[in-house]
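Here the structure comes first, spelled out in structure tokens, and everything after it is commentary.
The values are calculated or read from the model by the stated rules, or taken from the named source; none is laboratory data. The structure displayed is predicted, hence computed values, not measured ones. Note that we place each Cβ from the backbone using ideal geometry, even for glycine, and neighbour counts take in every protein chain shown.
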Amino acid sequence: MEHIRTPKVENVRMIDRLTPRKSTVGTLYLSSTHTIFVENSEAHKETWVLHSLVYNVERLPTNSSGSPLIIRCKNFHVYRLLIPQEKDCLDVLASLTQLSCPERYGELFCFSFNPNLDKELREKAWGFINLKAEFSRMGIPCNLWHVTAANHEYRLCDTYPSELFVPKSASPAVIVGSAKFRSRGRLPVLSYFHRDTSPNLFIASICRSSQPLTGFSARSSDDEQMLQAIMKSNPVSEFMYVVDTRPKLNAMANRAAGKGYENEDHYTNIKLQFIGIENIHVMRNSQQKLIDVGELAAPSMSDFLWGLENSGWLKHIKAVLDAGVFIAKAVAEDGVSVLVHCSDGWDRTAQACSVASVLLDPYYRTIKGLMVLIEKDWVSFGHKFSHRYAHLDGDPKEVSPVMDQFLECVWQLMQQFPCAFEFSERFLIQLHTHIYSCQHGNFIGNCQKERRDLRLQERTHSLWPHLWENRAEYTNPLYRTDHSQTQGVLKPLTTAYCFKFWKGMYGRAEKSVASHQSPADCLNAVREESQQLEEELSSHQEVPREMDAGQGIHMHA
Amino acid sequence: MELSEHIKTANVEDVTLRRPFHPALRGTLCVTSHHLLFSDRKDEASWQLLILLKNIDAIEKRAVGSSGTITIKCKDLLVLQLEIPGMEECLNIASSIEALSSLESVTEMYPFFYRPSHLTLNGPWGLSSTEQYYKQTERLWDRWRVSTLNSDYSVCPSYPSAVIMPREVDDDKLIRSARFRQGGRFPVLSYCHHRNGMVIMRSSQPLTGANKKRCKEDELLLQAVIDGSELGYIIDLRSAQQAQQARMTGGGFESKSFYSHWKRIHRHHERGKVVQESLIKLVEACSDPSHSVDRWLSKLENSKWLSHVHSALSTAGLVVECVERDGHSVLVHGSEGTDNTLLVSSLAQLILDPASRTVTGFLCLLEREWIQAGHPFQQRCAHSAYSHARLKQECPIFLLLLDCVWQVWRQFPLALEFSEALLLRLAQEVYASNYGTFLCNSEQERCAAGVKENTHCLFQSLLRPDIEEQYLNPLYEPTDLAIWPSVHPQSLQLWTGLFLRWTEYAQNMEEAREEVWSIVKEHHEQAGPDRTNNTLSTHCDTLTPFENLMDELTIL
């Protein structure tokens, strides 16, 4: 609270840049967790902005009408305020600047957020997503794969989960030896197991790791045996892919630092494939350019398209999706197992594995399934949420929109397959906000061990049950479990023209909350009403309607 | 020369047809005076493809050994390949296609031969007329009248026989005003706003010339339009500089000193060849799937097609702002007043007028504002994006209109009664059709060619007996409000339904559309006929301008 110099400022104007007529006057309040704007209008409409979502605060020179203040949020909302007195503006600026950059975990909102759940419910909520159950859904453990206790107490790899799934044939010595030969001990372990229901009966898997410590010549027979074990646990195939998601040049450069990539001569029966996803620094800059494009005041069509091209953002999204498509194709069509890695195996690797999983498994296209996938591929495998999404005041070079890109890949897929996903765009946007907001404990910290040490499950609440309870808001009305797009493997086009600017995400800079004409809402309402009526009329008989099926001649004017 | 004389080889067996995303088919190819017919050889469930020769924009021949390949590029952007055994047959077919796809004489075109059993000639033709619009629009009766001074098309050859004019201006004055406007296109009423009685007029440019000629009658006419109110707006669809330059060639603009109650606003719009070339570039960019994202975006930008969409919608928004928000009447014109003028005035009506958002209303709008208003369809749509022929008067302004309507529809998915399928059908019909609706360049020409007597009307056929379900928007929910589209560039998108129509991309969208229909139908069945009308009405709050209106289901 000591940061708040002026808790309340009156006669503040909230400016709508696109339609200045709709600007409103109200009172600005600063609490320890939120900035709150209450309109003077009769409705007293409130706008709440979480401090932890604030990306930066900018003050423009004072003019005759007051001091303008721009609050930019990490979820790309932008609020433009006009504060009558310069002094108040400076106070708000100073307070917000401090409040939005906590230095210690303890200051984060999740530790004070209290949704009035009793202890028992809170504990139950943390059990909502159970990764053991998820692996058993995949059919693991089985005769080929089992869980290893090698990482008990995180002694093998402190950024991995304590429970790891490895080939049964890999001995404890091989596991330990392989971990020693991998950057930060992130050895190859199972991420996704694909049980094919088609006559092929492929049982290919997706494994993940960090880069091997090959340098220019080093090798490890344990690591080689580990890969061999992974390949062998897919009896039908004679080789496996190692997908290095980095551009080849970057991978080669790593050799100078004693790292690098697998030498195809040393590892038997592997095929190495580079994908060329750029590193976190390139992505950070690219997204900034994209945000700038979204913020242009009155761009021409050319300005916009040129800016979009210049940002390179969609090119990067395509690279991530291409990685997923490559992996999914190898697993589902060729029945070949894949080991995915990048440098540390927590950014690009997480992207590639999770995109591939979404393509391969319809379960991950459901609301619950996407939660499970994020929990598995991102949270448990040590994606550095607190660093990447700047939860604490820290090194700006660690910040990068890795998860943003994954969510956008899913969105781009939704554009191509409108009936394939149980959730709507709103769900993705909500997830994006929560990844940055620190309201719940799920995404705090950088790995499982850190979360355990912070005792997050005792001190914070879990996001998942909260989203689940409100799932009706996030449902895609076109989703039907028996629809052809819902079944099986998705094979998206990755032609350049398929990639669109995500307006729902990046076009939010100026949006005042107003009515939308949303076909999704309309359809959901229709569907709900239908269900009610169906219940009412359950005694009535339904007359099946037949569609005109025959089409003899195709007229082509 | 009889059409059949162009056909040297009428039938070829063992032809292989290749279409995008379909397996190759073998069958028989026939050429008739107006069609290319391919039928595969399986006896049962034989599959046929019938293409109007007029739909063919360009062909390419290639010899492969003793056989030849013809690539057919259609005006609706479909590309087909035919492998024809026998070089001579191949060349014969190709030359027939070349000759018969570019017939010049209107009465030789297919609509004059199309005689389906379910339609009869000699009935009333078309949906609407100037007189009918006048009758329907009560607000006009007091101050406006229908003038038939153009009944023999002598005052303005490109106008219909009847036009709506202010009562206080007599026909003699109109004739003088017509002489002062390019092509005789004097200011006529295009739309009267149901809320406030303000009107949209349209015309061609005044012929002020280098010495700033004036025409008292033209000034009086415009004065009568605003009828004592303070101000009207002239939206000139050229830049101020272009309007100045037009004076050198006899054209010009309304000067402030002679039209003191009119405020002129200039908005630059590309026209003619530039727009045609945009279409060509865009289609070229869409047909190469190997482009990188950067290259694609650069080609998309470079085509400028979306810039034209942007300008058209922005200027239509400006007209709407004048009429609806500021309560002023507007005169729209560019140079000839037959292209961008119609584009802007009809888009403004779509935004303003709920009546033009129904299927019937929209078709009536097209009929009044494009066909009767004298958009030269025959010249503008002679070729589409593939033709190598030297461009003459081609310009896809009508396609641009459909694209703009699609953008509005995408932003207001509930506000229009019709669907994307109707727009796609129109995009196809305007270039090649069984119907006479888009033939010729004006009412006068249609009259001379006997179009109404000898062809069927597309719009009537679309509405009769019932509108096909696919042309309806299942989510339609009428609103009385103006639907202001956002013209922020990020709100405008490539019309994938048209430009990527023949790619895999379209398939999933089709499935999504079917899904929407099945949900709505299921609902209607359960709700019963008496409950269907009011159940959807809860979702239409006020429609605000410049909002991010939807992106959740961009595909519907």
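A few notes on this one:
- Within the range A:262-283, being out of contact with any Lys or Arg (no Cβ under 8 Å at 6 or more places or on another chain) and either β-branched (Val, Ile, Thr) or in contact (Cβ under 8 Å) with a residue 12 or more places away in the chain (or both) holds for A:Glu262, A:Tyr267, A:Thr268, A:Asn269, A:Ile270, A:Lys271, A:Leu272, A:Gln273, A:Glu278, A:Val282, A:Met283.
- Boolean, A:Lys449 is in a helix (DSSP H, G or I) and either within 11 Å of another protein chain (Cβ to nearest Cβ) or more than 15 Å from the chain's Cα centre (by Cα) (or both): yes
- Of all residues making up the range A:406-440, the number that are within 11 Å of chain B (Cβ to nearest Cβ) and over 29 Å from B:Ala506 (Cα atoms): 0
- Checking A:Trp313 against (1) modelled with pLDDT under 95; (2) crowded, with 23+ Cβ neighbours inside 10 Å, the condition it does not meet: (1)
- Per the conditions (1) surrounded by 19 or more Cβ atoms within 10 Å (Cβ to Cβ); (2) modelled with pLDDT under 95; (3) among the hydrophobic types (A, V, I, L, M, F, W, C), the sole criterion not satisfied by B:Cys404 is (2).
- Residue-level check: of (1) among the hydroxyl-bearing types (Ser, Thr, Tyr); (2) over 19 Å from B:Ser190 (Cα atoms); (3) free of Cβ contacts under 8 Å to residues at least 24 places away in the same chain, B:Ser356 misses just (2).
- A residue that is modelled with pLDDT of 95 or more, more than 25 Å from the chain's Cα centre (by Cα) and not small (Gly, Ala, Ser) occurs nowhere in the range A:187-206.
- The single condition from (1) within 22 Å of A:Asp334 (Cβ to Cβ); (2) of a type in the set (Asp, Glu); (3) surrounded by fewer than 24 Cβ atoms within 10 Å (Cβ to Cβ) that A:Glu224 fails is (1).
- Of note, A:Asn234 does not satisfy the criterion of being modelled with pLDDT under 95, over 24 Å from the mean Cα position of the chain (by Cα), farther than 25 Å from A:Leu131 by Cβ and of a type in the set (S, T, N, Q).
- Options A:Ala133, A:Ala125: the member that is without any contact (Cβ under 8 Å) to a residue 12 or more places away in the chain, outside any loop (DSSP other than H, G, I, E, B) and within 25 Å of the chain's Cα centre (by Cα): A:Ala133
- Strands (runs of 3 or more DSSP E) fully within the range B:12-105 that include at least 1 residues being over 31 Å from the mean Cα position of the chain (by Cα) and hydroxyl-bearing (Ser, Thr, Tyr): B:25-31, B:35-40, B:67-74.
- For B:Pro485, the conditions (1) part of a helix (DSSP H, G or I); (2) in contact (Cβ under 8 Å) with a residue 40 or more places away in the chain; (3) crowded, with 20+ Cβ neighbours inside 10 Å are fulfilled apart from (1).
- Qualifying residue in the range B:470-477 (condition: assigned to a helix (DSSP H, G or I) and within 11 Å of another protein chain (Cβ to nearest Cβ)): no
- B:Thr532 within 30 Å of B:Leu300 (Cα to Cα) and either at pLDDT below 90 or within 11 Å of another protein chain (Cβ to nearest Cβ) (or both): no
- Looking only at the range A:166-198, residues that are under 22 Å from A:Val379 (Cα atoms) and surrounded by fewer than 22 Cβ atoms within 10 Å (Cβ to Cβ) come to 3 in all.
- Within the range B:46-55, not a single residue is surrounded by fewer than 17 Cβ atoms within 10 Å (Cβ to Cβ) and touching a residue at least 24 places away in the same chain (Cβ under 8 Å).
- B:Pro124 buried (at least 17 other Cβ atoms within 10 Å of the Cβ), part of a loop (DSSP other than H, G, I, E, B) and out of contact with any Lys or Arg (no Cβ under 6 Å at 6 or more places or on another chain): no
- Of the helices (runs of 4 or more DSSP H) contained entirely in the range A:454-540, those carrying at least 1 residues that are in contact with a Pro (Cβ under 8 Å, 6 or more places away or on another chain), away from chain B (no Cβ under 11 Å) and modelled with pLDDT of 90 or more fall at A:463-469.
- Note on the range B:323-341: residues that are crowded, with 24+ Cβ neighbours inside 10 Å and part of a helix (DSSP H, G or I) total 3.
- Complete set of residues in the range B:497-522 that are free of Cβ contacts under 8 Å to residues at least 60 places away in the same chain, more than 7 Å from chain A (Cβ to nearest Cβ) and touching a helix residue (DSSP H, G or I) at 6+ places or on another chain (Cβ under 6 Å): none
- Qualifying helices (runs of 4 or more DSSP H) (wholly inside the range B:205-315; at least 2 residues being within 14 Å of another protein chain (Cβ to nearest Cβ) and surrounded by 14 or more Cβ atoms within 10 Å (Cβ to Cβ)): B:273-286, B:293-303
- Of the helices (runs of 4 or more DSSP H) entirely within the range B:363-436, those holding at least 1 residues that are away from chain A (no Cβ under 14 Å), over 16 Å from B:Leu462 (Cβ atoms) and within 15 Å of the chain's Cα centre (by Cα) occupy B:377-380, B:397-411.
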